[in-house]
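Structure, as structure tokens:
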Amino acid sequence: MAFRALRPFSEEIKKAIGNKRVVIKPNVVLIYVPLACTHVDTLEGILEFLKSINKLENVVIAESSASAPTLEGFDNYGYFRLLSRYPVKLIDLDREPCEKMYVVNQNELKPNPIRVSRLILNPNSYVISSARMKTHASVVVTLSLKNIVFGAPIKDVGFTLFNEDIRFSDRAVRSKLGTANDKQRVHGRGNHGINYNMYMLAKHLHPDLALIDGYEGMEGNGPTRGTPRPHGVCVASTDWLAADRIGVELMGIDFDQVGYLKYCAQTGMGNADFNRIEIIGEKLADHIVQYQLPDNMDGLLRWQKPIH
């Protein structure tokens, strides 16, 4: 499905890659919950596509897992078997150079520094977001953009999340002494903060190519505690906002409820006008499935109102 979804963009993607390094960014949010993460078959479909356009000579698969050593997650999910078939490298972004960016929290509006992967920020990187279609208990949905925005901030080597609450509230996180995870700061201490930070970071941290795997999505209390949603769809676009817009539609979710994507649409970061998005392939209406929303959905809409 991934291969077929990418084929209509072959010439456009080949030209855009040029001599750049291709960085495939999977979603490996936790290293022990396969349903929450990018399936190895999806990565193989992307690699086969790159092979078909002769762009397989400078490709890496890179991630910073939210919870524990990234390469351990790669091993758990079978990514290492790709090395025997394709000339690719597997990279833990936590062990690579970084640059400084800034976010805010909604209780104290001042710049807070975070470390962000230089590989993702590098203009000579062609970044492919390989995301799984999921609901999210902090921002309603997680698709191609969120996969990049939360994968790029890094954590200290040795950081381990002892509590599985991936929303990273201060009381929930217990890590090894002396280690830190900069993804926590992006959450902005609340619903207003996280949506605003994602929107601001999206100006610099977004994919060049979006691929959303909905073969088996996650619904309910995603991104890590949801349940399987068999769907059988795959979305690809060189406009990441258009891809996420269609992903939201396929999940039966109101786009106006997704704060960070709404902000990105309002400021013209891509095409989010459903009536102006050309859909190649299957008829969208035939594949819309109503995903179960997170239990805390009422709280997720606080971004629509002023902070009191």
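A short reminder: the numbers here are calculations on the coordinates, not readings from a lab. For clarity, every value in this text was computed on a predicted model and none was experimentally measured. So basically every Cβ, Gly included, is an ideal-geometry build from the backbone, and we count neighbours across all protein chains shown.
Things to note:
- Which of Asp254, Asp156, Asp286, Asp213 has the fewest Cβ neighbours within 10 Å, and the rest in rising order: Asp286, Asp254, Asp156, Asp213
- Residue pairs, from the table Lys55/Lys134; Lys15/Lys155; Lys14/Lys100; Lys20/Lys51, whose Cα atoms sit over 24 Å apart: Lys55/Lys134; Lys15/Lys155; Lys14/Lys100
- Using a Förster distance of 41 Å, the FRET efficiency for Lys110-Arg7 (Cβ separation, nearest 0.05): 0.30
- Think of it as helices only: each DSSP H run of n ≥ 4 in the chain is worth -39500 (n - 2.57), and spread over all residues that comes to -7000 deg cm²/dmol at 222 nm.
- One decimal place: the segment Asp286-Ile307 gains 3.6 nm when fully extended, by the rule 0.36 nm per residue minus the C-alpha distance.
- Among beta bridges that DSSP assigns inside the chain, antiparallel share in %, nearest 5: 50 percent
- Rounded to the nearest whole Hz, the Karplus-based 3J(HN,Hα) values (6.51 cos²θ - 1.76 cosθ + 1.60, θ = phi - 60°) of segment 10-25 follow the sequence 3, 5, 4, 5, 4, 5, 5, 5, x, 9, 6, 6, 8, 10, 8, 9, with x at glycine and proline.
- Each label point was placed 7 Å from the Cα along the Cα-to-Cβ direction; for Asn275 and Val157 their separation is 5.5 nm.
- Residue exposure proxy: His39, His187, His287, ordered by other Cβ atoms within 10 angstrom of their Cβ from fewest to most, comes out as His287, His39, His187.
- Low-density loop positions, trypsin sites (Lys or Arg not before Pro), segment 203-308 - DSSP coil, at most 16 other Cβ in 10 Å: Lys203, Lys283
- ³J(HN,Hα), Karplus 6.51/-1.76/1.60, whole Hz, each residue of segment 285-295, x for Gly, Pro: 4, 6, 10, 6, 10, 7, 6, 5, 8, x, 4
- Using only Cα coordinates, the Kirkwood hydrodynamic radius of segment 179-308 works out to 15.9 Å.
- Peptides ranked, highest mean first, by Cβ atoms within 10 Å: ranges 23-31, 64-72: 23-31, 64-72
- Straight-distance crosslink candidates among lysines, where the alpha carbon sits under 17 Å from Lys262 and sequence neighbours closer than 8 are dropped: Lys146, Lys203, Lys305
- Unit charges at the beta carbon, dipole of the chain: most positive-side option, Val60, Met101, Pro8: Met101
- Annotation: amide H of Tyr215 within the under-5 Å range of Gly232, Val233, sequence separation 5 or more or interchain, hydrogens built in the peptide plane.
- Taking Phe255, Phe80 and counting other C-beta atoms within 10 Å, the order from fewest to most: Phe80, Phe255
- Backbone HN-Hα couplings from phi across segment 246-261 [Karplus 6.51/-1.76/1.60, Hz, Gly and Pro as x]: 5, x, 4, 4, 4, 7, x, 10, 6, 4, 5, 8, 9, x, 5, 6
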